[in-house]
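I have placed the structure first, in the form of structure tokens, so that the comments after it can refer back to it.
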Amino acid sequence: MKKIVVTGGLGFIGSHTVVELQNSGFEVIIIDNLSNSTISVLDGIVSITGQIPTFYNTDLKQKADVEAFFKGHNDIAGVIHFAASKAVGESVNEPLLYYENNINTLVYMLQNTTQLAHAPFIFSSSCTVYGEAKALPISETSPIQPALSPYGNTKQIGEEIISDVCKANTNFNAIALRYFNPIGSHESAKIGELPLGVPQNLVPFIMQTGAGIREQLSVFGDTYATQDGTCIRDYIHVVDLAKAHVIALKRLIDGENTTNYEVFNLGTGQGSSVLEVIKSFERVSNQSLNYKIVDKREGDVVAAYANTTKAKDVLKWTAQSSLDDAMRSAWKWQQQLK
Ligand code: UD1
């Protein structure tokens, strides 16, 4: 069995990807420092797949620990690097924390991965690199715009670092995946999104409001230049997203890539407004949601949804689940959390 290292493998997208990797016949080694996850996620993974991933509670900021890990694992067949901090607001207040967490760790991972014989690298990037795109849907050739936050900047810099490393090392292969807005959970409801504290993202906040944990959802602005005045995003089911990682990894392992650094958008191609997401929640949960319109949130882009052509043509991957499917799965997960 090919051994794949998944950093941040107990996180939201990471845990769903571990499940899909195991279901596809890979042996998974998780590295996670539990900074934004809990060890119980491991039980969720095992109860879905019946396979126990190897787990290392390692902090990737400790360069010597990363080196020690790779010294003991020279048979690794690929790396999927999720581990990173992702709260936009926090990154504005704590920029150095974000550069250390997201950039130092990436450098250490690359220093070691490039020493392995044939271990390709998959990087978690974000549609945030496009900023407020001039044309919709957003294709991979859409210009990268100055980042609106240190968090967004770490994704841009991360992509540049990987691109430079690929130029310098033609035997090294990498793919950056630019996620749109991942939501939902595994159909078993044994793993899902576990926000620590007050959720910053829309769907976890909706779920907690629906469950009575939060009083009311604040909708950040309804005077944008969109159909109903609220912002538009491309919400993609996390299981669809997880499957795309397995496909991208296999592409590199099988040497099917055309250049040694490739970039793909991962979205559904469908834009949904905040109010449409709320309506979807109301449909699938059969209850109304308490929300109010408040001021715009600083730094929000008006609309972002993916041009999915490249992923479809090259990876032969398209998202299968609808917004309602994803919201239904998120609600099922939320209900069993109680
Ligand atoms: C945000 C980041 C993005 C990051 C992602 C992961 C910004 C501008 N973008 O995405 O870079 O990759 O998180 O964490 O911050 N909304 C409400 N009320 C809420 C929460 C959200 O109305 O309580 C609205 C937002 O204004 C937005 C939409 O819901 O229109 C989605 O917001 P969110 O889930 O935070 O995702 P992004 O902002 O798209």
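The values are calculated or read from the model by the stated rules, or taken from the named source; none is laboratory data. Here the structure is a predicted model, which means the values were calculated and not measured. Neighbour counts are summed over all protein chains in view; Cβ atoms, including those assigned to glycine, are modelled from backbone coordinates with ideal geometry. What goes into the accessible areas is simple: the full protein's heavy atoms, side chains included, and nothing from ligands, DNA or RNA. Shrake-Rupley method; radii C 1.70, N 1.55, O 1.52, S 1.80 Å.
So here's what we get for this one:
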{"quantity": "Distance from region 268-303 to region 127-181 (C-alpha centre basis), Å", "calculated": "26 Å"}
{"quantity": "Tilt relative to the chain, helix 323-337 - C-alpha long axis, 0 to 90 degrees, to 10", "calculated": "80 degrees"}
{"quantity": "Distant-in-sequence amide H partners of I183 (H built 1.01 Å from N, under 5 Å)", "calculated": "I236, H237, V238"}
{"quantity": "Antiparallel %, DSSP beta bridges [both residues in the chain], to 5", "calculated": "5 percent"}
{"quantity": "Rg(Cα)/(2.2 N^0.38 Å) for region 97-145, N = residue count", "calculated": "1.53"}
{"quantity": "Positive minus negative residues near I191 (Lys, Arg vs Asp, Glu; Cβ under 14 Å)", "calculated": "-3"}
{"quantity": "Over region 63-155, relative contact order from alpha-carbon pairs under 8 Å, at least 6 apart, %", "calculated": "38 percent"}
{"quantity": "The chain: C-alpha pair distances exceeding 29 Å, %", "calculated": "35 percent"}
{"quantity": "Coil-residue trypsin sites (Lys or Arg not before Pro) of region 94-182, DSSP, other Cβ within 10 Å capped at 14", "calculated": "K134"}
{"quantity": "Computed magnitude of the charge dipole of the chain (debye, nearest 20; Cβ of K, R +1, Cβ of D, E -1)", "calculated": "380 debye"}
{"quantity": "Per residue accessible area of the chain, 1.4 Å probe, in Å²", "calculated": "44 Å²"}
{"quantity": "Per DSSP, loop GluC sites (Glu not before Pro) in region 253-325 with at most 11 further Cβ within 10 Å", "calculated": "E256, E298"}
{"quantity": "Principal axis box of region 75-191, alpha-carbon based, largest edge first, Å", "calculated": "40, 39, 32"}
{"quantity": "Whether region 39-109 is rounded, prolate or oblate, judged on the alpha carbon gyration tensor where a/c under 1.5 counts as rounded", "calculated": "oblate"}
{"quantity": "Net charge dipole size for region 104-186 [Lys, Arg +1 and Asp, Glu -1 on Cβ; Debye, nearest 20]", "calculated": "60 debye"}
{"quantity": "Contact order normalised by residue count of the chain, Cα under 8 Å, 6+ apart, percent", "calculated": "19 percent"}
{"quantity": "Percentage relative contact order, region 145-269, counting C-alpha pairs under 8 Å, at least six apart", "calculated": "37 percent"}
{"quantity": "Pairwise label distance in nanometres, Q336 with H73, each label 7 Å out on the Cα-Cβ vector", "calculated": "2.7 nm"}
{"quantity": "Accessible carbon and sulfur surface of the chain relative to its total accessible area, %, 1.4 Å", "calculated": "48 percent"}
{"quantity": "Size of charge dipole - region 199-338 - debye, nearest 20, with Cβ of Lys, Arg +1 and Asp, Glu -1, no other charges", "calculated": "360 debye"}
{"quantity": "On Cα atoms only, tilt of 150-168 relative to the major axis of the chain in degrees", "calculated": "30 degrees"}
{"quantity": "Helix axis angle, 40-49 relative to the chain longest principal axis, alpha carbon, degrees", "calculated": "80 degrees"}
